[in-house]
Amino acid sequence: MVLEDDPPFRLKGDDIETVMTLNLAEAVLGGKRSLTDPAGKELIVEIPECTPPGTVLRFPKRGLGGGDLLVRLELEFPRSLTPEARLLFARFAKKAGLHFQES
């Protein structure tokens, strides 16, 4: 038997991998997102606060033949900021102790 990838899922041995793209607020603040697993069942993914891109969340026994479902978290940055959003983000960065060179 030959098993093939079925986007958005990809086989990795007995594990199945998928990607969930987070926006900046989700990555920093955390939260919950819904995902349909390969069997068609809904899965609630709890995103930890301050999640770095590339983090992999493992859901045991949701893969192939007892394997796991791996959810790799990626980050989508905003394409642009309004002047107000830029000001608020700069304030946040200063309060969080993040260093940046203002332009």
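The values are calculated or read from the model by the stated rules, or taken from the named source; none is laboratory data. Since we're looking at a predicted model, the values are computed, not measured. Note that we place each Cβ from the backbone using ideal geometry, even for glycine, and neighbour counts take in every protein chain shown.
Couple of notes before you dig in:
- Subset of segment 14-49 (residues that are at pLDDT 95 or above and of a type in the set (S, T, N, Q)): T18, T21, N23, S34
- Among (1) touching a Pro at 6+ places or on another chain (Cβ under 6 Å); (2) more than 18 Å from G31 (Cβ to Cβ); (3) among the hydrophobic types (A, V, I, L, M, F, W, C), the one test that L75 misses: (2)
- Taking the criterion of being without any contact (Cβ under 8 Å) to a residue 40 or more places away in the chain, aromatic (F, W, Y) and more than 13 Å from D37 (Cβ to Cβ), the residues of segment 56-103 that qualify are F89, F92, F100.
- Odd one out for E74, checked against (1) on the phi > 0 side of the Ramachandran plot; (2) modelled with pLDDT of 95 or more: (1)
- Residue pairs meeting the criteria (Cβ under 7 Å; at least 6 apart or on separate chains; first in contact (Cβ under 8 Å) with a residue 60 or more places away in the chain, in segment 28-48; second in a loop (DSSP other than H, G, I, E, B) and among the small types (G, A, S)): none
- Of the residues making up segment 1-43, those that are within 29 Å of A85 (Cβ to Cβ), part of a strand (DSSP E or B) and of a type outside the set (S, T, Y) are V19, M20, L22, N23, G31, K32, R33, L35.
- Flag for P52 being surrounded by 10 or more Cβ atoms within 10 Å (Cβ to Cβ) and either outside any strand (DSSP E or B) or modelled with pLDDT under 95 (or both): no
- Matching residues in segment 91-103 - criterion: being closer than 18 Å to E26 by Cα and either more than 25 Å from the chain's Cα centre (by Cα) or assigned to a helix (DSSP H, G or I) (or both): F92, A93
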